[in-house]
């Protein structure tokens, strides 16, 4: 098992390097982290007006913040996994690259799902802000 792992490891590392390059993985990680930082650094006072006008906004904001935190966490896990050397990877996954591939696929699927949901929830938040800012729309639903 360990010998086969060592034979297949160089191909695996090449596959990971190609993935990181073609998917702009490093830039995406940085982008998600910066976006999360921006989202979490907005003070409650800055949002007070929207929170008062639209409970939908607060719910969407909190949900999207939580989702982005999970997206960042998943990408950190992937980055750590990609940076493991042959010995570390072998020990962690019992010298089974198929298990590594399954773990990567699971994390990528989870991230893709969260990104899609994040976009939906963010749109709900943007719509709530737009409605709160529009005097005609905000009167209709009061």
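Observations on the structure shown:
- Helix 2-22 and the long axis of the chain differ in direction by around 40°, with both axes built from C-alpha atoms.
- Estimated FRET transfer efficiency when R0 is 25 angstrom, pair residue 86-residue 25 (beta carbons, to 0.05): 0.80
- Full-stretch length increase - residue 106, residue 76 - with 0.36 nm per residue and alpha-carbon distance subtracted: 9.4 nm
- In degrees, nearest ten, helix 25-41 long axis to first principal axis of the chain (Cα): 30 degrees
- Hypothetical label at residue 133: residues of the stretch 35-64 whose amide nitrogen lies under 13 Å (7 Å Cα-Cβ projection): 50
- Rh (Kirkwood; distinct C-alpha pairs) - the chain, Å: 17.7 Å
- 25 °C / 0.890 mPa s Stokes-Einstein diffusion coefficient of the stretch 1-63, Kirkwood radius on C-alpha pairs, µm²/s: 159 µm²/s
- Length released on extending from residue 51 to residue 38, taking residue separation times 0.36 nm less the Cα-Cα span: 2.9 nm
Every read-out reported here was derived from the displayed coordinates using simple, explicitly stated rules and does not represent laboratory data. Everything numeric here is computed off the predicted structure, so don't read it as measured data. No Cβ is skipped: glycine too gets one built from the backbone with ideal geometry, and neighbour counts run over all protein chains shown.
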